[in-house]
Each structure stands twice: as structure tokens, then as C-alpha cells.
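The values are calculated or read from the model by the stated rules, or taken from the named source; none is laboratory data. What you are looking at is a predicted structure, and each value in this text was computed from that prediction instead of being measured. Please note: Cβ atoms are built from the backbone with ideal geometry, for glycine as well, and neighbour counts cover all protein chains shown. Quick note on the areas: whole protein, heavy atoms, side chains included, nothing else; ligands and nucleic acids left out. Shrake-Rupley method; radii C 1.70, N 1.55, O 1.52, S 1.80 Å.
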Amino acid sequence: MTNREKLLRNLSSAQFAVWELHLYLDTHPSDMQAASMLAQYEKKCSALMAEYEENYGPLTPKFAQGVEWLKNPWPWENGGACD
């Protein structure tokens with residue numbers, strides 16, 4: 001397994017933990033230990049994502065960089081041609 005794959009696996013695991021803790025806290029909002037764990041995993045996710053993006057590029061689109069793709073015609077706006 002490459003370093004890139006390890007980093008993605010760690011990020012995926014941390015994101016899974018964040019999601020599960022978020023769901024748990026929806027039904028147990030007074031569980032302060034779970035809320036603390038959620039905050040820790042959110043920090044871990046942010047750090048792992050920053051590390052990945054620094055080394056391998058963005059994982060998600062950055063809309064702040066521009067929305068030029070929105071100005072192009074959509075496929076159905078080309079008069080039926082989907083080339």
C-alpha cells in the first residue's frame with residue numbers, strides 16, 4: 001500500500017467516525033464524551049485532508065476558485081447535440 005493509499009484510508013476512517021458520532025449525537029445530545037470525540041475526529045479529518053491536498057492535490061472542488069463551468073452551455077442547451 002502506498003503512502004497515498006494509507007492517507008486516504010486514514011482519512012476515510014476518520015470521516016466515518018465523524019459521521020457515526022454525528023448520528024449518535026442526534027439521538028444522545030447530552031453525551032459530552034461523544035461530543036468531545038466528535039471534535040477530536042473533526043480536527044483529525046481537517047489535518048488529514050490538508051496533508052493529502054498538500055501532497056496530492058484537492059479531494060473536492062473548490063468553488064471559491066471560480067465557477068466558469070457554470071457559464072458554459074449545458075448538454076441539453078446545445079440543440080440536442082451532446083458532443
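At 1.4 Å probe size, put T2, T27 in order of accessible surface, largest to smallest. Let's see the in-between values first.
Details: T2 75, T27 100 Å².
Output order, biggest surface exposure first: T27, T2.
How charged is the neighbourhood of Y24? Take every other residue with its Cβ under 15 Å from the Cβ of Y24, and add Lys/Arg as +1 and Asp/Glu as -1. Don't skip to the end; give the middle numbers.
Values: positive: none; negative: E20, D26, D31, E42.
With Lys, Arg at +1 and Asp, Glu at -1, the net is -4.
Per 10 Å bin, what percent of the C-alpha pairs of the range 1-61 does each bin hold, from zero upward?
Per 10 Å bin, starting at zero, the Cα-Cα P(r) for the range 1-61 comes out as 23, 45, 23, 9, 0 percent.
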